[in-house]
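Below is one structure, written out as structure tokens; the observations come after it.
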Amino acid sequence: MPQSNALLRDVDAHAEPQAAQPQAFELRPLPGPLGAELIGLDLSRELTREDFARIHQAHLDHHLLVFRDQRITPRQHIDFSRRFGPLMIHVLHQFHLPGHPEILTVSNIVENGKPVGLGDAGKYWHSDISYKALPSLGSLLHAQELPSEGGDTLFANMHLAYDTLPEALRNAVEGRRAVHSYLAKYGQLQKEGNWRPNLSAQQVAQVQEVSHPVVRTHPENGRRALFVSEGFTTRIEGLPQDESDALLAELYAHSVRPEHVYRHHWREHDLVFWDNRSLIHLAGGTPDHLRRKLYRTTIEGDAPF
Ligand code: SIN
């Protein structure tokens with residue numbers, strides 16, 4: 001006997017919530033040395049295990065994913081980031097998004113005489129938070145407000161940089177370790193602009209220098225990568241400072257050869273997720289009179305080996 005509509009409505013009202021369905025998104029590798037776009041994925045919706053596994057594998061294969069048109073809240077940005085590992089809290093608490101210490105605001109906007117974010121973040125090539133014993137696995141940067149010109153972010157593929165290293169340089173770095181320090185460029189950045197507050201003793205205590213292998217092995221894809229950058233590396237251990245400076249300068253120049261670099265031109269609501277174990281990055285610069293604001297989460301990784 002057919003059920004009445006009233007009974008059907010009643011059954012619906014008590015039904016279990018529908019399990020999330022896999023999303024039909026497309027992966028389009030970017031031309032060049034790294035990166036892929038994900039089209040048709042909506043991170044404001046619940047992801048299935050299958051969606052997550054595809055995203056994770058794409059991230060390992062391409063090192064950088066561009067999720068287009070993500071209308072997500074800071075909470076959703078944090079929750080998605082956390083699926084990859086614990087989040088790191090940036091030492092510059094002055095630029096945490098209020099109510100969300102997991103988000104660092106990257107911005108050149110000044111309101112009522114106060115910067116809303118870190119205006120010179122990424123001014124030198126670097127891998128995020130390489131100055132910690134457990135540097136970052138990856139970072140997710142979500143566009144909030146974009147300038148009409150400039151504001152690009154550049155990424156260099158450090159696996160390619162290692163693979164193409166001339167033999168003499170490869171021999172010179174084999175088995176070496178380098179020191180990374182948050183303070184490497186801090187004084188210089190303070191002189192160059194008005195973004196950097198003086199650090200409290202507590203902040204300085206959080207950023208004691210560390211040493212890492214110059215060549216690291218990616219813990220998930222098994223590939224070797226150069227792991228030094230002008231932003232945070234201060235010296236190669238066991239070499240006189242002048243020799244260390246000269247070797248680092250050669251490694252930096254090689255790392256960012258044009259054929260290793262992808263330049264990301266931001267579009268509204270882009271979320272970019274890159275692998276700090278595979279890439280270094282650089283903020284390309286924004287004209288002073290144009291506003292730019294992005295939110296960044298940073299996922300903790302493993303001790304480099
Ligand atoms: C960063 O280095 O995390 C910021 C990069 C950018 O603002 O383009």
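The values are calculated or read from the model by the stated rules, or taken from the named source; none is laboratory data. Remember, predicted model here, so these are calculated numbers, not experimental data. A quick note on method: Cβ atoms are made from the backbone with ideal geometry, for glycine too, and the neighbour counts reach across all protein chains shown.
Taking the conditions exactly as written (closer than 17 Å to L294 by Cβ, out of contact with any Gly (no Cβ under 7 Å at 6 or more places or on another chain), free of Cβ contacts under 8 Å to residues at least 60 places away in the same chain and not aliphatic (A, V, I, L, M)), does Q76 satisfy them or not?
Working: closer than 17 Å to L294 by Cβ: yes; out of contact with any Gly (no Cβ under 7 Å at 6 or more places or on another chain): yes; free of Cβ contacts under 8 Å to residues at least 60 places away in the same chain: yes; not aliphatic (A, V, I, L, M): yes.
It is true that Q76 is closer than 17 Å to L294 by Cβ, out of contact with any Gly (no Cβ under 7 Å at 6 or more places or on another chain), free of Cβ contacts under 8 Å to residues at least 60 places away in the same chain and not aliphatic (A, V, I, L, M).
Filter the range 154-182 down to residues that are under 15 Å from S278 (Cβ atoms) and not aliphatic (A, V, I, L, M) and give me whichever is surrounded by the most Cβ atoms within 10 Å (Cβ to Cβ).
N157
Inside the range 222-237, can you point out the residues that are surrounded by 14 or more Cβ atoms within 10 Å (Cβ to Cβ) and of a type outside the set (G, A, S)?
Going through the range 222-237, the residues surrounded by 14 or more Cβ atoms within 10 Å (Cβ to Cβ) turn out to be 223-236.
The answer is R223, R224, L226, F227, V228, E230, F232, T233, T234, R235, I236.
Sort out which residues of the range 193-206 are assigned to a loop (DSSP other than H, G, I, E, B) and in contact with a helix residue (DSSP H, G or I) (Cβ under 9 Å, 6 or more places away or on another chain), and write them in order of number. Break it down into steps so the answer makes sense when it comes.
At the first step, the residues of the range 193-206 found to be assigned to a loop (DSSP other than H, G, I, E, B) are 193-200.
Of everything in the range 193-206, those that are assigned to a loop (DSSP other than H, G, I, E, B) and in contact with a helix residue (DSSP H, G or I) (Cβ under 9 Å, 6 or more places away or on another chain) turn out to be W195, R196, P197, N198, L199.
I'd like to check which strands (runs of 3 or more DSSP E) are fully inside the range 215-305 and have at least 2 residues that are within 11 Å of the ligand (Cβ to nearest atom).
Values: elements: 215-217, 224-226, 233-236, 261-264, 271-275, 279-283, 293-300.
Hits in the range 215-305: 261-264, 271-275, 279-283, 293-300.
Sort out which residues of the range 184-209 are within 23 Å of L137 (Cβ to Cβ), surrounded by fewer than 20 Cβ atoms within 10 Å (Cβ to Cβ) and of a type in the set (A, V, I, L, M, F, W, C), and write them in order of number.
V207
Given the structure, is L60 in contact with a strand residue (DSSP E or B) (Cβ under 6 Å, 6 or more places away or on another chain) and at pLDDT 95 or above?
Considered against the rule, which asks whether it is in contact with a strand residue (DSSP E or B) (Cβ under 6 Å, 6 or more places away or on another chain) and at pLDDT 95 or above, L60 comes out as no.
Checking the conditions here, which among P258, P240, P219, P287 is within 18 Å of G32 (Cβ to Cβ), of a type outside the set (A, V, I, L, M) and loosely packed, with under 15 Cβ neighbours inside 10 Å? Show your work before the answer.
Working: P240 fails: within 18 Å of G32 (Cβ to Cβ); P219 fails: within 18 Å of G32 (Cβ to Cβ); P287 fails: within 18 Å of G32 (Cβ to Cβ).
The match here is P258.
Tell me the residue from N221, N171 that is among the polar types (S, T, N, Q) and in contact (Cβ under 8 Å) with a residue 60 or more places away in the chain, please. I'd like the intermediate steps shown before the answer.
Details: N171 fails: in contact (Cβ under 8 Å) with a residue 60 or more places away in the chain.
Residue meeting the stated conditions: N221.
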